[in-house]
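Asker: One structure follows; several queries about it will come next.
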There are 2 protein chains.
Amino acid sequence: MRDLARLIADLGDVAVVTDPAKVQLKSRDFYWYSPVLKRQLEQVCADLVVEARGEAEVVRTLRACYRHDVPVTVRGGGSGNYGQAMPLEGGVVLDLSRMDGIVDVGLGRVRAQAGARLFRIDQACQAHSQQELRFHPSTSRMGTVGGFVAGGSSGVGSITHGALRDRGNILGARVVTMEEEPRVLELRGDAIQQVNHAYGTNGVITEVEMPLAPAYPWIDLMVGFSEFMDAVRFSDALARQDGLVKKPISPLAAPIPELYFRPLRSRIPPGSNVVLLMIAEPWLELFHDFLRSWPGTVLLERAASDPKRKALPIFELSWNHTTLHALRIDPRVTYLQVLYPPPAQVELIERMHRKFGEEVMIHAEFVRFDGQIACFGLPIVRFLSENRLDAIIEFHEENGCPIFNPHAFTLEEGGMKQVDHTHLAFKREADPQGLLNPGKMIGWDNPDYDGMSRQSYLYKSLEGFR
Amino acid sequence: MRDLARLIADLGDVAVVTDPAKVQLKSRDFYWYSPVLKRQLEQVCADLVVEARGEAEVVRTLRACYRHDVPVTVRGGGSGNYGQAMPLEGGVVLDLSRMDGIVDVGLGRVRAQAGARLFRIDQACQAHSQQELRFHPSTSRMGTVGGFVAGGSSGVGSITHGALRDRGNILGARVVTMEEEPRVLELRGDAIQQVNHAYGTNGVITEVEMPLAPAYPWIDLMVGFSEFMDAVRFSDALARQDGLVKKPISPLAAPIPELYFRPLRSRIPPGSNVVLLMIAEPWLELFHDFLRSWPGTVLLERAASDPKRKALPIFELSWNHTTLHALRIDPRVTYLQVLYPPPAQVELIERMHRKFGEEVMIHAEFVRFDGQIACFGLPIVRFLSENRLDAIIEFHEENGCPIFNPHAFTLEEGGMKQVDHTHLAFKREADPQGLLNPGKMIGWDNPDYDGMSRQSYLYKSLEGFR
């Protein structure tokens, strides 16, 4: 048995939450996006929550938890949707959302505490020098920068700058180790990859340094097309316009917009396929000239941030928010994560669209990927059965479109289906007892894991919820 | 006979230069880069030079020249190297270099008079808001923004933003027409393409609005490789690093650096192939991590603009400056302009390198081109004979590498070898008498011109210099 009383005593004046309702709330993220994760993780709950107010309290917490052999799962805004912040073995949820300071802003970079929300960082950088983060998830209002680095990958702006894993999209990370006497490390350069997208399994990120881009006045746009493939070809061509500043480029097949985009329903004619866009104001007239040669109709055009109006930003219909809007209207749908690999993305989307029609309603996001235009997919799937879902996944993979499983909570299954040896080696050094976010890194429990075997993996403590 | 006395009288207090030495000087650009142009254009000279101090004087000059049927050739810094500012039929050279005001700077854009030198615009935008032009030719110190729009195409920074012809790389242009009563037009959006890279044949650009990028502190780098193809593969891989901010990426085959880069000779070991680079300071340490996996050695690394030192900026060894340094040392060499089309650029460069060795010393420039990484070449050629040069060109074209002839002064021959009907239609409207820069647009004299016929074209007034 864990001696929580002695742990709490060791924590001294560090803020501890033990109220069961609050602890349960802070033990959850948006895992319920997936019906599979909802079933598997519903019972997951921490023993207590620690609300750290600074790096010294993080160090104190990790030292105490190490001494008492209590696992620690770090949490930011809790807007992840793969259960990455959920404490599979209970123990402590370490909530960093009070560590939300902006440390420093310079030309091209910002340094912030891990718990700073992404939109707050943007506001601070705009006020300082008309800059903003290069890209962000659609959960910018809720998500923290530490959570984004620990559990995100790409987002609104990736059409220009690529993904977090691309060199230069994270400049530095300050990390506390889980040892008898925790160390505070500043990881820079390629060393950052040791903790990037590791779900906090191998160190607690307390501060990050991120690159910035110019904060132009952005225009939100929604363009309607009667043919979905016209919307996709338009998106692909726009993605190639190196001179136009834009983010995101999100084509969505009918009937996604009319069924699920309640806030904009009056603007969406029945049968519309749409492309969601943001264009920087200096390039807006050239965008309209570009649009002229396509069979698209502007359904919405407005300043992205009009302080007098509280309209939904267009990016809150894109990326993972598309699925959220669908789930709100129809909890029976589910989704997948696909890569339509370059340079055949348009052809592959067409093949999937023809094959599945409205059963797999395509939602794509154009990004830059290894210096090329590429396309991720987050299709909304009308869920019929697990067998049928498997058949859909199989058809994608047979046609060269890898699926990143959004119905799995481990790093490996949701990612490249293989052990990340950089993450694993760093965990051996920084978390020798395996106390950080246990169960999320298969490679720690089974270094010989081979995800290509198609055997699904389930962490041992969750066997009962399979 | 032209009645120049009456023309001068009509010009009133507009500044006119008639001193023959000065007129000859202002009738020339860097045409002598090409031995062919040197032979063809050596005798070209204006009758007089007008130094306009503002748009009203441009209008007055064009009105007077129209009345007296005198051709007008516009000139900025005179740093073009295809004779684009040389008055084939004499008449007036209209020098706009006194019209050098910065009209307005905003977030993402600058408006300047046509005669403003590119580096002066950068200085003003840096002082205003840490911004700079997206890309510039290597002649940034001498070239004007109007000359760049009228006669340039891409340059230092095109690896991120593409070329001038890409939508969004010119935001607006103010143009005076050559009519009985000249009109002043503001061209915006796609209408800008009517005068972009038209050598001033169809209107006089008096003001332009250009997009801006952040002005990071840049680091100049020269990286040495013992194998040229390693330098090329490194360059191609770096070009694909979407998260690293860089400009230019210029691989140069040995013995270009050791033979021709006199200012850096002490840093260049014999046999070095080099890559010239600029990396924005916030991404420098990540660049070094990237370099670690390549067999490259840093031969030079220093701040691009140390105000205390007057060192040559690295970009003044790249693009057309490479050829300039070679010609200074060995006037017998010449050069070509090649496109190594994507996605096979690395393989095509290797094929050319193996075929010709040191006879065609490869100098490449990585750029973004239609949303893809692509590669231009400006190889230095050891000139043996015109037949041999033709054979070299033929081998390139047979292998799918188009040559943009730098030994031609017409828009068509130096470009796509076909009439640009957008340029031509605008000339019919804006210069109905064909008085602007006569002889540079083949399509005006012969709308049926077909450059694919491989028949070389020579403007009629120059027959004697063939």
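Asker: What is the P(r) of segment B:58-132, as percent of Cα-Cα pairs per 5 Å bin from 0?
Answerer: The percentages, shortest bin first, are 3, 15, 20, 17, 15, 13, 9, 6, 3, 0.
Asker: Which value in nm describes the separation of the simple spin-label points at A:HIS421 and A:TRP32, placed 7 Å from the Cα toward the beta carbon?
Answerer: So the label points at A:HIS421 and A:TRP32 sit 4.2 nm apart.
Asker: Give me the Debye-computed log₁₀ of I(q)/I(0) at q = 0.07, 0.10 Å⁻¹ for chain B, equal point scatterers on Cα only, no solvent, two decimals.
Answerer: -0.35, -0.72
Asker: Work out the FRET efficiency for A:ALA15 and A:THR297 from their Cβ-Cβ distance, taking R0 = 51 Å, and round it to the nearest 0.05.
Answerer: Numbers: r = 53 Å, r/R0 = 1.04.
That pair, A:ALA15 with A:THR297, gives E of 0.45.
Asker: Another question, if that's okay. Using the scaling law 2.2 N^0.38 Å as the reference, what is the normalised Cα Rg of the protein assembly as shown?
Answerer: Working: Rg = 30.9 Å, N = 932, 2.2 N^0.38 = 29.6 Å.
Computed over Cα atoms of the protein assembly as shown, the ratio equals 1.04.
Asker: Filter the cross-link list B:LYS22/B:LYS427; A:LYS38/A:LYS355; A:LYS22/A:LYS246; B:LYS22/B:LYS440; A:LYS246/A:LYS427; B:LYS355/B:LYS427 down to pairs whose alpha-carbon distance in this structure exceeds 32 Å.
Answerer: On the way: B:LYS22/B:LYS427 30 Å; A:LYS38/A:LYS355 29 Å; A:LYS22/A:LYS246 40 Å; B:LYS22/B:LYS440 23 Å; A:LYS246/A:LYS427 38 Å; B:LYS355/B:LYS427 43 Å.
Too far apart for the 32 Å limit: A:LYS22/A:LYS246; A:LYS246/A:LYS427; B:LYS355/B:LYS427.
Asker: Relative to the longest principal Cα axis of chain B, at what angle does helix B:386-398 sit, 0 to 90 degrees, rounded to 10?
Answerer: In chain B, helix B:386-398 runs at an angle near 70 degrees to the longest axis.
Asker: Enter the mean number of other protein chain beta carbons within 10 Å of the beta carbon of each residue in A:365-371, as an integer. Provide the component values of the computation, followed by the final result.
Answerer: Values: counts 0, 0, 1, 4, 2, 5, 10.
Whole-number average of other-chain Cβ neighbours for A:365-371 is 3.
Asker: Hey, what number do you get for chain B at 222 nm if only DSSP H runs of n ≥ 4 count, each worth -39500 (n - 2.57), divided across all residues, to the nearest 500?
Answerer: That comes out to -8000 deg cm²/dmol.
Asker: According to the square roots a ≥ b ≥ c of the eigenvalues of the Cα gyration tensor, what is the shape class of segment B:307-393, taking rounded for a/c under 1.5, prolate for a/b larger than b/c otherwise, and oblate for the remainder?
Answerer: Values: a/c = 2.53, a/b = 1.12, b/c = 2.26.
Cα axes put segment B:307-393 in the oblate bin.
Asker: Where does helix A:345-356 land angle-wise versus the long Cα axis of chain A, in degrees 0 to 90, nearest 10?
Answerer: 90 degrees
Asker: Still on this model: Peptide B:130-140: average number of partner chain Cβ atoms within 10 Å per residue?
Answerer: Other-chain Cβ atoms within 10 Å of each residue's Cβ, averaged: 1.
Asker: Calculate how steeply helix A:55-67 sits against the longest principal axis of the alpha-carbon atoms of chain A, using the helix alpha-carbon long axis, and give the answer as 0 to 90 degrees to the nearest 10.
Answerer: Result, in degrees: 60.
Asker: Quick one: with label points 7 Å out along Cα→Cβ, list the inter-copy distances for A:ARG332 in nm, shortest first?
Answerer: 8.4
Asker: Right, another one. Shortest first and in nm to one decimal, what separations exist between B:PRO432 and its copies in the other chains, measuring from label points 7 Å along the Cα-to-beta-carbon line?
Answerer: 9.0
Asker: Sticking with this structure for a sec: Relative to the Cα centre, what is the charge dipole magnitude of chain A, using +1 at the beta carbon of each Lys and Arg, -1 at the beta carbon of each Asp and Glu, and rounding to the nearest 20 debye? Display every interim value, and only then the final one.
Answerer: Working: 51 positive and 58 negative charges, 202 e Å.
Result for chain A is approximately 960 debye, rounded to the nearest 20.
Asker: Rounded to the nearest Å, what's the spacing between the alpha carbon centres of segment A:1-34 and segment B:262-324? Just the number, please.
Answerer: Between the Cα centres of segment A:1-34 and segment B:262-324 lies a distance of 54 Å.
Asker: Related question: Just to confirm the numbers: B:GLN418, label point 7 angstrom along the Cα-Cβ line, distances to the other copies in nm, shortest first?
Answerer: 4.6
Asker: By how many nm would the segment from B:ALA311 to B:ASP289 lengthen if fully extended, with 0.36 nm per residue of separation less the alpha-carbon distance?
Answerer: So the chain would gain 5.3 nm between B:ALA311 and B:ASP289.
A short reminder: the numbers here are calculations on the coordinates, not readings from a lab. Worth saying up front: this structure is predicted, and the values here are computed from it rather than measured. For neighbour counting, all protein chains shown are included, and Cβ atoms are generated from backbone atoms with ideal geometry for every residue, glycine included.
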